[in-house]
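Below is one structure, written out as structure tokens; the observations come after it.
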Amino acid sequence: MKDSKGREIDYLRLSVTDRCNLRCIYCMPEEGIPLVSHDDVLSVDETIQLTGIIIKAAGIRKVRITGGEPLVRKGLLDLLRGVSGHHPEELVLTTNGLLLSGMAPQLAGAGIKRVNISLDSLRDDRIRLISRRDISLEIIENAIASAFDAGFGPVKVNCVVMRNINDDEIAEFIKWSGETGVTVRFIEHMPSMLSDDTFVSRDEIIERASVLGKIVRQDDIGTAGIYTEEDTGLTFGIIAPFSDPMCSSCSRIRLSARGTLYTCLAAAEGVSLIELLRGDSCDETISKLVRETVMRKPDSHGGCVHAKMWRIGG
Ligand code: SAM
Ligand code: SF4
């Protein structure tokens, strides 16, 4: 459907859990997040039902499964099979990759077509520092290989750029992407537990990439600006919610694991659908509320984004 600004809203980011097996310094507090009771989270059946209502009500074509970490969600494969049954044109997933090697074939069998993998450094000591867990590049490279084996190509790798933490690795990441066959996308850090001084802008990311040669902008893909180094043809993306917000063409809405619908990263409060789903409301009542909520999608995030990415899926 089109919202009140004429934007085509056809992309649902579906967060299937708040929980995660990492504690990335820019996303979650070290002690983790307050645990919610299972009753406050949509069950697998409720997630499938509500996703179906939203897909029909808003005319959603693409569903991205996210979290928290989606691969830790109990009953994920049933959930995916149910969502696939609503026949979105694209069903894709974003993961930290930790559990991907053991699950990739089953995910493909349940309907996943592509995966994005998050990786913020190519150095083991920094991976451990950023994720606050004892993991390594090897685990993520194995996850990437399993993603290709399962037919999830093209595989995109998302890297949040942080000053004095990993911002000296931009050129290295671009060269590595050429070697591994993934597309790397650098993400501007959005406000979090880290100080604002960690922010690195799109222009600075391009400047760091320029040590490789002349960087030329291509046509955008979704929310990412696409750039190529002229001589080598190495290509990378930049997702720049601040330098290049792309709000005027934003096609996204988000459903949290608690059954709350958000239409923008700026929305601290969403519209809760869980009580309606569990109450006497018919599908048409929920559909109407979904459409009304989409119509009220803000013009832009205005630089004020929601800090709880683990709740609304980044
Ligand atoms: N756990 C999965 C993962 O890490 O890929 C999926 C959920 S995570 C919230 C989705 C994306 O949001 C990841 O690529 C992560 O790097 C990004 N993200 C989380 N917090 C962020 C922040 N403060 N600024 C920019 N990106 C952020
Ligand atoms: Fe977990 Fe993803 Fe947040 Fe890292 S970015 S803590 S992997 S939800």
Exposure of E172 as accessible area (Å², to 10), given a probe of 1.4 Å and all protein chains: 70 Å²
Estimated Rh, the stretch 63-123: Kirkwood, alpha-carbon pairs, angstrom: 11.9 Å
Mean Cβ neighbour count within 10 Å, used as a protection proxy, ranking 262-272, 276-286 highest first: 262-272, 276-286
Value of D in µm² per second that Stokes-Einstein yields for the stretch 5-116, Kirkwood Rh from Cα pairs, at 10 °C (1.306 mPa s): 108 µm²/s
Quarter of the Cα convex hull surface for the chain, i.e. its orientation-mean projected area (nm²): 15.0 nm²
Lysine pairs with alpha-carbon atoms under 14 Å apart, the chain, spacing 8 or more or separate chains: 6
Carbon plus sulfur fraction of accessible area for the chain, probe 1.4 Å, in percent: 50 percent
Where the chain is the region considered: accessible area per residue in Å², 1.4 Å probe: 43 Å²
Listed peptides 32-41, 290-299, 153-162 by packing density, highest first (mean Cβ within 10 Å): 153-162, 290-299, 32-41
Degrees between helix 170-180 axis and first principal axis of the chain (Cα, 0 to 90, nearest 10): 80 degrees
Per-residue HN-Hα couplings for the stretch 66-79 [Karplus 6.51, -1.76, 1.60; θ = phi - 60°; Hz; x = Gly/Pro]: 8, x, x, 9, x, 6, 8, 5, 5, x, 4, 5, 5, 4
Angle between the chain longest axis and helix 100-109 axis [Cα atoms, degrees, rounded to 10]: 50 degrees
Mean Cβ count within 10 Å, highest first, over the residues of peptides 99-108, 209-218: 99-108, 209-218
Separation of alpha-carbon centers, the stretch 83-119 and the stretch 49-82, rounded to whole Å: 11 Å
Theoretical gain in end-to-end length, E275 to D244 [0.36 nm per residue, Cα-Cα removed]: 7.5 nm
The chain - share of DSSP beta bridges that are antiparallel (%, nearest 5): 30 percent
Local electrostatic count at E284 - Lys and Arg +1, Asp and Glu -1, tallied over other residues with Cβ under 12 Å: +2
Förster-model FRET efficiency, 51 Å R0, E138 and E284, C-beta, rounded to 0.05: 0.50
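The values are calculated or read from the model by the stated rules, or taken from the named source; none is laboratory data. What you see is a predicted model, and the numbers here were worked out from it, not measured in a lab. A quick note on method: Cβ atoms are made from the backbone with ideal geometry, for glycine too, and the neighbour counts reach across all protein chains shown. Areas reflect the complete protein model, heavy atoms only, side chains present, ligands, DNA and RNA absent. Shrake-Rupley method; radii C 1.70, N 1.55, O 1.52, S 1.80 Å.
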